[in-house]
Amino acid sequence: MSNPSSSWIAQFNPGDWVEISPHDPGFRGSWYAGTVVRREAKNTNCYVVEYDQLYEDESGEKLLQETLDWIQLRPPPPPEKKKVQFKFGDEVEAFYSDGWWEGAIIAEHSGGKFAVFLRGFEEQIVFEEKDLRLPVQWVKGKWEPRFE
């Protein structure tokens, strides 16, 4: 994500559905669905968020909540305006392990499947087309393609 201008700060409200970029190094390059619980304090830019599919422990009884800086949050990207024709070499985000992960298509398979190298896992995984999307970034309140 490009460095945002210090004059623009995203504002979120309790109940807003967002995508979350966790601060844990093992999650770099990923986005997970969640909901804003509250702003941490009136004069801060931090929010308490709750993940939709990540849990505090293996029992899966309580959804994980974290306090994160606004720069780690964004609204969910809009749907693609037209069907994307993915091909070898495309940069993509692939839905894997309950989140969207950065990767690149390294092979095309029959039946609308693609081998993607996921940087966060440093491995190749085959995905169906429905589990891929173009990478976008949220810059000063607008969606922009990450790569032209």
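Readers should treat all values here as calculations from the given coordinates under stated rules, not as data from a laboratory. These numbers come from a predicted model, not from an experiment. Positions of Cβ are backbone-derived with ideal geometry, glycine not excepted, and every protein chain shown enters the neighbour counts.
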- Task: May I have the count of lysine pairs in the chain with C-alpha atoms under 22 Å apart, counting pairs 8 or more residues apart or located on different chains?
- Result: 14
- Message: In whole Hz and in residue order, list the ³J(HN,Hα) couplings for the stretch 100-108 that follow from phi through the Karplus curve 6.51 cos²θ - 1.76 cosθ + 1.60, θ = phi - 60°; x for Gly and Pro.
- Response: 9, 10, 5, x, 9, 6, 10, 6, 9
- Query: Mind listing the phi-derived Karplus ³J(HN,Hα) values for the stretch 68-80, rounded to whole Hz, using 6.51, -1.76 and 1.60 with θ = phi - 60°, and x for any glycine or proline?
  - Reply: 10, 6, 4, 5, 8, 10, 7, x, x, x, x, x, 4
- Karplus-derived 3J(HN,Hα), 6.51/-1.76/1.60, for each residue of the stretch 137-143, Hz, glycine and proline x: 10, 9, 10, 6, x, 10, 7
- Message: Can you tell me the length gained on complete extension of the stretch PHE117 to ILE71, counting 0.36 nm per residue apart and subtracting the Cα distance?
- Response: 14.0 nm
- Query: Between GLU129 and ASN43, what length in nm is gained on full extension when 0.36 nm per residue of separation is reduced by their alpha carbon distance?
  - Reply: 26.7 nm
- Taking the chain as the region of interest, what is the percent of Cα-Cα pairs per 5 angstrom bin, listed from the shortest bin to the one with the maximum distance? 2, 9, 18, 19, 19, 15, 10, 6, 2, 0, 0
- So for R0 = 25 Å, FRET eff. of ILE106-ASP16 from the Cβ-Cβ r, to 0.05, ends up at 0.10
- With charges set only on the Cβ (+1 for Lys and Arg, -1 for Asp and Glu), what does the dipole of the chain come to about its Cα centre, in debye to the nearest 20? 800
